[in-house]
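Undergrad: Sharing a structure with you now.
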Amino acid sequence: LHEVALVDDEIISRQPSFTRALVVCADLAGWEEKQAADAAGIDPSTWSKLKNGTAHFPHERLSTYQRRCGNWLPLQWLARDAGFGLVRLETVLERKVRKLEEDLAREKLKSGVLLEAMQGRGK
């Protein structure tokens, strides 16, 4: 799977409803209606009904749908509608990498100080 992107705030603010956020989510992926319906786990006729407000999106498929579309537009729309913003949480692997990078930076600093001290004594 490809990386899932946050959508620009301007695009989010232009969506008048959650349903439009779902539709534009698929539009941003460049998908036809059949592809969007497949990503949502519904048939194309239900997708069409969803778009005109006579069917509902299967909420248990929301995360999978957004991942397949490659953007978080519906989630961002929900957060914005409720007066919130999103902050992506650091994964366990990202936390390990960050800590290793911090440790490496400290060790480089120590090495630099020791090297300067050793060179200073030789003068």
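The values are calculated or read from the model by the stated rules, or taken from the named source; none is laboratory data. Remember, it's a predicted structure, so these values are computed and weren't measured experimentally. Positions of Cβ are generated from backbone atoms using ideal geometry, with glycine treated the same way; all protein chains shown enter the neighbour counts. The accessibility values were calculated without ligands, DNA or RNA, using every heavy atom of the protein model including side chains. Shrake-Rupley method; radii C 1.70, N 1.55, O 1.52, S 1.80 Å.
Undergrad: Carbon-plus-sulfur fraction of the accessible area of the chain, 1.4 Å probe, in percent?
TA: On the chain, the fraction of accessible area on carbon and sulfur atoms equals 56 percent.
Undergrad: Excluding ligands, DNA and RNA, what is the solvent-accessible area per residue of the chain at a probe of 1.4 Å, expressed in Å²?
TA: 72 Å²
Undergrad: Just how far, in whole angstrom, is region 7-44 from region 49-85 if you go by their alpha carbon centroids?
TA: So the separation of the two Cα centres works out to 8 Å.
Undergrad: Cross-link candidates for K49: which lysines have Cα within less than 28 Å, leaving aside residues fewer than 8 places away along the same chain?
TA: K34
Undergrad: Given the options A21, L89, W77, identify the residue whose Cα lies farthest towards the positive end of the charge dipole of the chain (+1 on Cβ of Lys, Arg; -1 on Cβ of Asp, Glu).
TA: L89
Undergrad: Rounded to whole Å and ordered largest first, report the semi-axes of the equivalent ellipsoid of region 28-98 derived from its Cα gyration tensor (root of 5λ).
TA: Working: eigenvalues 157, 48, 19 Å².
Taking √(5λ) for each eigenvalue gives 28, 16, 10 Å, largest first.
Undergrad: Can you sort F84, F57 by 1.4 Å-probe accessible area, starting with the largest? Working shown, then result.
TA: Values: F84 145, F57 30 Å².
The ordering from most to least exposed comes out as F84, F57.
Undergrad: Also, quick follow-up: Under the rule of at least 5 residues apart or a separate chain, name every residue whose amide H is placed under 5 Å from the amide H of N71.
TA: Counting only residues 5 or more places away or on other chains, the set is A5.
Undergrad: Excluding same-chain residues fewer than 8 positions from K99, which aspartates and glutamates have a Cα within less than 14 Å of its Cα?
TA: E90, E107
Undergrad: Can you compute log10 of I(q)/I(0) for the chain with the Debye formula, treating each Cα as one identical point scatterer, at q = 0.09, 0.10 Å⁻¹?
TA: -0.42, -0.47
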